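Worksheet: the structure to be examined is printed underneath.
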Amino acid sequence: MQDDLDMGAKLLIATGAVAVEPEGLPFGVRVLIDAAEEILVVSPRLATRIDWITSDTDRAKLHADERLQAVLGQLDDLGIPATGTIGADDPLVALEDAVRSFGPDHLLIALRSRTQSDWQERGLLDRIEERIAIPVTAFRLPFAD
């Protein structure tokens, strides 16, 4: 699911987790980030099923903000300017909203490790491929959160 990113392109990074060390990002991921002229990071709320059912998403919003700030800080440490936003509770809706407002050329998705992934991530890549018509690169790493 990986295509090359043209120089000067807009990259949307969706983060479900934070890399422990940004220097350890896979080479292809780093190439995409380095080639982008403009980067937007979206951090979906990723509420637990109980929190989502009871509409108690405050904790999820706090975690999303922490992820967002960590990723923006890591990009800044690498000398890569980026902006960011907290997305909707549903990761697909968060991505669709960001695609509509930002108009990216490529979507980079940092997924939580398989042991930390949650109900919202099951089948997410298939749903993204069906509904978002831009190249997508997804990757998993050992993550800090």
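A few remarks follow.
- Of all residues in segment 52-63, those satisfying the criterion of being surrounded by fewer than 17 Cβ atoms within 10 Å (Cβ to Cβ), modelled with pLDDT under 85 and part of a helix (DSSP H, G or I) are ILE53, ASP58, ARG59.
- LEU32 modelled with pLDDT of 90 or more, in contact with a His (Cβ under 7 Å, 6 or more places away or on another chain) and either small (Gly, Ala, Ser) or surrounded by 13 or more Cβ atoms within 10 Å (Cβ to Cβ) (or both): yes
- Segment 76-100, residues that are in a helix (DSSP H, G or I), among the β-branched types (Val, Ile, Thr) and surrounded by 17 or more Cβ atoms within 10 Å (Cβ to Cβ): VAL99
- Just so you know, in segment 81-97 the residues that are small (Gly, Ala, Ser) and over 11 Å from the mean Cα position of the chain (by Cα) include one that is nearest to ASP65 (Cα to Cα), and it is ALA88.
- Close pairs from segment 117-130: first under 15 Å from GLY87 (Cα atoms) and outside any helix (DSSP H, G or I), partner at pLDDT 85 or above and of a type in the set (D, E, K, R), Cβ under 9 Å, at least 6 apart: none
- Of all residues making up segment 6-47, the number that are in a helix (DSSP H, G or I) and either more than 16 Å from GLY73 (Cβ to Cβ) or among the β-branched types (Val, Ile, Thr) (or both): 9
The values are calculated or read from the model by the stated rules, or taken from the named source; none is laboratory data. Note that this is a predicted model, so its numbers are computed, not measured. Quick reminder, even Gly has a Cβ in these numbers, built from the backbone with ideal geometry, and neighbours come from all protein chains shown.
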